[in-house]
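Written below as structure tokens is the structure these notes are about.
The values are calculated or read from the model by the stated rules, or taken from the named source; none is laboratory data. Note that this is a predicted model, so its numbers are computed, not measured. With ideal geometry, Cβ positions are generated from the backbone for all residues, glycine too; neighbour counts draw on all protein chains shown.
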Amino acid sequence: MRHFHFVSALGLSLFVLLSGCKTDDGRPKDLPKLYSCTITVIQDGQPLEGANVTFRAKDPTVKFATCSGTTDASGTAKIMTYGFPGVPTGSYKVIVKKIISEGGEPSTDASKISSGKKVSEYSLVASEFTKEDTTTLEMEITTQKSEQTFDVGKSVKDFIGFRP
């Protein structure tokens, strides 16, 4: 009898694992249809390379509310949702961040941390664009291909803090 329960449980586990909650291409089954979204970020009239761009749905009930991408040398980013190209339809706040570190590489090595050597971190984007509650950047995603250029103003180098 125990063997029967074990085999039944194993069979059920395999069924659940194989049927899972993903589609054949690995997408979550409840991931909505995604639409192409390409953005360009400029700063001081020039493309901003290496910026992290995050879309946050204005509607807090949206399940897949965060989408993101990183700008290339031309300041362009293709926005992805959970690693899949595109964004669900809706209204989004757009957050842009670019952080650099100076003063050496951060380390998790306890001997280096205790030596007191610190790494300074700086934001290269004005703080108003780096937070969901203060950003003025917004984008509406429709069923059409979405493209937009965002200007994050003048270059800055705002001290954020130290890391060991």
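Inside the range 11-40, residues that are at pLDDT below 50 and out of contact with any Pro (no Cβ under 7 Å at 6 or more places or on another chain) make up a count of 10.
Residues of the range 32-62 that are small (Gly, Ala, Ser) and without any contact (Cβ under 8 Å) to a residue 60 or more places away in the chain: Gly45, Gly50, Ala57. Look at the range 139-164: where a residue is over 20 Å from Ser68 (Cβ atoms) and a partner is of a type in the set (Asp, Glu), sitting 6+ places away or on another chain with Cβ atoms under 9 Å, you get Gly153/Asp44; Gly153/Glu128; Lys154/Asp44; Ser155/Asp44; Phe159/Glu121; Gly161/Glu121; Phe162/Glu121; Arg163/Glu121. Would you confirm, using the coordinates I've provided, whether Ile99 is modelled with pLDDT of 95 or more, buried (at least 17 other Cβ atoms within 10 Å of the Cβ) and closer than 25 Å to Ala126 by Cα? Spelling it out, it is not the case that Ile99 is modelled with pLDDT of 95 or more, buried (at least 17 other Cβ atoms within 10 Å of the Cβ) and closer than 25 Å to Ala126 by Cα. Do we have Gly83 as exposed (fewer than 15 other Cβ atoms within 10 Å of the Cβ), modelled with pLDDT under 95 and of a type in the set (Gly, Ala, Ser) here? Yes.
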